[in-house]
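Participant: Below are the structure tokens for one structure; questions will follow.
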Amino acid sequence: MTENKGTDILGSDHIGRLLLRLSVPAMIGMMVMALFNVVDTIFVGRGVGPLGIAGVTIVFPIQMFIMAIAQMIGIGGASIVSRALGSDDTDRAERTMGTMMLSALLIGTVVTIIGYLLTDPLLRVFGATDTILPYAREYLLIMLVGNVYFPYAVASNSVIRAEGRAGYAMITMLISAILNIILDPIFIFWLDMGVRGAAYATVIAKAVTAIWVTLYFFTGKSMLRYRLKNFRFHRKITGEIFAIGTSSFVRQVAASILIVIVNNILARLGGDLYIAVMGIVIRLMQFFVMPMFGVAQGLQPIAGYNYGAARYDKTKRAVKIALVAATAISIFGFLLLFFQAEQFLMLFTKETELIEKGIWPLRYAILLLPLVGAQVIGSATFQAIGKAVHSIVLSITRRALFLIPLLFVLPPLMGISGVWVAFPISDLLAFVLTTLFLIVQLREFSDKQRLVASKQEPDTSPQRS
């Protein structure tokens with residue numbers, strides 16, 4: 001294999017500088033994507049009102065489900081690509097890429113068709129009240145168009161990142177988010193299209209993103225090539241993609257189910273206004289969690305490549321540095337959101353009642369945000385080294401294993417406050433489990449590195465004549 005600059009640095013560069021080099025572009029891209037979600041909701045709140053925010057919030061679980069599919073294919077495939085490049089197997093990397101693209105396009109299309117056939121029943125299940133339903137329906141029917149090609153764009157960008165081209169992957173996310181932010185006021189305010197305008201802006205931005213990532217592979221920027229023979233389901237590779245990517249899928253689906261449950265609880269205990277509050281809280285939390293996923297995305301190609309090349313000491317060092325970086329980000333996010341809660345809420349709406357009712361829900365929800373960074377890095381570590389089961393377990397702990405059960409226990413005991421109190425309790429429990437998993441894995445890295453070192457040492461024992 002002829003290595004290009006992108007893959008060569010994954011094994012040879014200083015780990016700290018390398019993680020910074022790959023993480024910063026990913027963090028910027030993820031933050032801009034999260035900023036788009038925040039700005040999108042601000043425009044809807046200012047242009048349509050609390051019911052518009054509530055309508056977008058009802059649709060959000062569907063968007064998260066599509067993202068779950070995209071990340072399952074993208075992260076699962078990228079792990080294989082990184083390790084294949086690390087072990088000098090370009091053919092396997094290209095076959096993986098072909099399987100990823102075909103899977104993304106096919107599943108995206110199927111999910112979109114199902115969404116059109118079951119629009120109103122889905123929205124009702126997701127918590128839409130009679131007053132929210134028209135807004136949610138308008139938004140969803142347009143959004144579904146972009147879901148045909150969105151998983152393909154995400155999967156393609158994951159391959160780009162797996163090659164070590166973090167800068168290009170960042171530009172991909174910047175194009176999508178910035179274009180969306182530019183188009184939002186045009187469609188929502190100038191063309192007076194309300195929530196439909198927000199949906200049109202997103203669909204157009206996703207289309208441009210899909211074209212952009214396709215050009216990367218057809219203009220010689222990638223060391224991998226689109227080959228028609230690879231665009232099929234390679235059985236072993238397909239199984240490995242979905243096995244490794246399942247942890248990301250489960251995490252996103254759990255988040256989607258969580259929002260559905262919360263929306264229904266809030267509709268019953270608090271009404272439309274609290275659903276709008278939840279929509280704002282989700283987007284603010286997402287904005288500060290996304291940079292942690294940027295660190296995780298920077299870590300994965302480094303950990304995957306070096307693990308595949310049996311450089312376990314570098315893998316371990318990368319994980320430790322990523323843990324420190326993600327935790328620092330999570331602490332900063334907590335301090336900012338907790339002490340400036342009212343100011344953040346005022347960005348979305350002028351409705352005094354909505355602001356007043358949102359302050360303490362936001363503070364409760366982010367109370368143990370400083371512990372979330374370790375959870376993100378823990379799951380990403382096991383994905384990168386191909387340990388699918390460990391990654392799946394860690395992906396479901398925070399939401400599916402702990403938070404969702406708490407939502408069935410605490411609100412009946414504490415009323416609507418139980419919804420918000422459930423968040424920090426689940427964060428604490430998930431942190432404890434993640435820490436235990438990581439301690440064992442870091443020791444395993446050390447043991448494997450000692451074994452590699454012992455095999456490389458020359459035999460200095462006396463030779464018999």
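Participant: Can you say whether residue 367 is in contact with a helix residue (DSSP H, G or I) (Cβ under 6 Å, 6 or more places away or on another chain), assigned to a loop (DSSP other than H, G, I, E, B), within 21 Å of residue 259 (Cα to Cα) and modelled with pLDDT of 85 or more, as far as the supplied structure shows?
Facilitator: Numbers: in contact with a helix residue (DSSP H, G or I) (Cβ under 6 Å, 6 or more places away or on another chain): yes; assigned to a loop (DSSP other than H, G, I, E, B): yes; within 21 Å of residue 259 (Cα to Cα): yes; modelled with pLDDT of 85 or more: yes.
It is true that residue 367 is in contact with a helix residue (DSSP H, G or I) (Cβ under 6 Å, 6 or more places away or on another chain), assigned to a loop (DSSP other than H, G, I, E, B), within 21 Å of residue 259 (Cα to Cα) and modelled with pLDDT of 85 or more.
Participant: Which residue out of 66, 73, 58, 53 is over 24 Å from residue 196 (Cα atoms), crowded, with 24+ Cβ neighbours inside 10 Å and touching a residue at least 24 places away in the same chain (Cβ under 8 Å)?
Facilitator: On the way: 66 fails: over 24 Å from residue 196 (Cα atoms); 58 fails: over 24 Å from residue 196 (Cα atoms); 53 fails: over 24 Å from residue 196 (Cα atoms).
Checking each option against the conditions leaves just 73.
Participant: Scan the stretch 148-174 residue by residue and report those that are over 18 Å from residue 298 (Cα atoms) and surrounded by 24 or more Cβ atoms within 10 Å (Cβ to Cβ).
Facilitator: Taking the stretch 148-174 as the starting set, the residues that turn out to be over 18 Å from residue 298 (Cα atoms) are 148-153.
Hits for the stretch 148-174 are 150, 151, 152, 153.
Participant: If residue 206 satisfies every condition in (1) surrounded by fewer than 20 Cβ atoms within 10 Å (Cβ to Cβ); (2) in contact (Cβ under 8 Å) with a residue 24 or more places away in the chain but one, which is the exception?
Facilitator: Result: residue 206 passes all but (1).
Participant: Do the conditions hold for residue 310, that is, is it outside any loop (DSSP other than H, G, I, E, B), touching a helix residue (DSSP H, G or I) at 6+ places or on another chain (Cβ under 6 Å), within 30 Å of residue 449 (Cα to Cα) and not charged (D, E, K, R)? So that I can check it myself, show each step before the final result.
Facilitator: Details: outside any loop (DSSP other than H, G, I, E, B): no; touching a helix residue (DSSP H, G or I) at 6+ places or on another chain (Cβ under 6 Å): yes; within 30 Å of residue 449 (Cα to Cα): yes; not charged (D, E, K, R): yes.
Against the criterion (outside any loop (DSSP other than H, G, I, E, B), touching a helix residue (DSSP H, G or I) at 6+ places or on another chain (Cβ under 6 Å), within 30 Å of residue 449 (Cα to Cα) and not charged (D, E, K, R)), residue 310 does not qualify.
Participant: Which of (1) touching a Pro at 6+ places or on another chain (Cβ under 9 Å); (2) at pLDDT 85 or above; (3) surrounded by fewer than 19 Cβ atoms within 10 Å (Cβ to Cβ) is the odd one out, the single condition residue 185 does not satisfy?
Facilitator: (1)
Participant: For the stretch 316-365, how many residues are farther than 17 Å from residue 417 by Cβ, over 20 Å from the mean Cα position of the chain (by Cα) and not hydrophobic (A, V, I, L, M, F, W, C)?
Facilitator: 11
Participant: Within the stretch 323-348, track down each residue that is surrounded by fewer than 21 Cβ atoms within 10 Å (Cβ to Cβ) and not in a helix (DSSP H, G or I).
Facilitator: 340, 347
Participant: Can you pull out every residue in the stretch 163-181 that is touching a Phe, Trp or Tyr at 6+ places or on another chain (Cβ under 7 Å), within 19 Å of residue 38 (Cα to Cα) and without any contact (Cβ under 8 Å) to a residue 60 or more places away in the chain?
Facilitator: Scanning the stretch 163-181 gives a single hit, 175.
Participant: Right, something else. Among the candidates 432, 372, 389, single out the residue that is of a type in the set (A, V, I, L, M), crowded, with 17+ Cβ neighbours inside 10 Å and within 25 Å of the chain's Cα centre (by Cα).
Facilitator: So the residue among 432, 372, 389 that is of a type in the set (A, V, I, L, M), crowded, with 17+ Cβ neighbours inside 10 Å and within 25 Å of the chain's Cα centre (by Cα) is 372.
Participant: Let me ask something else about it. Here are the criteria: (1) out of contact with any helix residue (DSSP H, G or I) (no Cβ under 6 Å at 6 or more places or on another chain); (2) modelled with pLDDT of 80 or more; (3) more than 26 Å from residue 351 (Cα to Cα); (4) of a type in the set (Lys, Arg). Tell me which single one residue 17 does not satisfy.
Facilitator: (2)
Participant: In addition: Name the one entry in 437, 423, 382 that is within 20 Å of residue 244 (Cβ to Cβ) and at pLDDT 90 or above.
Facilitator: Result of the check over 437, 423, 382: 437.
Participant: With the structure loaded, tell me whether residue 195 is buried (at least 22 other Cβ atoms within 10 Å of the Cβ), in a helix (DSSP H, G or I) and not basic (Lys, Arg) or whether it fails that test.
Facilitator: So residue 195 passes the test.
Participant: State all residues of the stretch 211-223 that are at pLDDT below 90 and either out of contact with any Gly (no Cβ under 8 Å at 6 or more places or on another chain) or assigned to a helix (DSSP H, G or I) (or both); if no residue qualifies, say none.
Facilitator: 213, 214, 215, 216, 217, 218, 219, 220, 221, 222
Participant: For the stretch 124-147, indicate whether the set of residues that are more than 25 Å from residue 46 (Cα to Cα) and touching a Gly at 6+ places or on another chain (Cβ under 7 Å) is non-empty.
Facilitator: Yes - at least one qualifying residue is present in the stretch 124-147.
The values are calculated or read from the model by the stated rules, or taken from the named source; none is laboratory data. It should be emphasised that the depicted structure is a prediction, and the values quoted were computed from it without experimental measurement. Backbone-built Cβ (ideal geometry, glycine too); neighbour counts: all protein chains shown.
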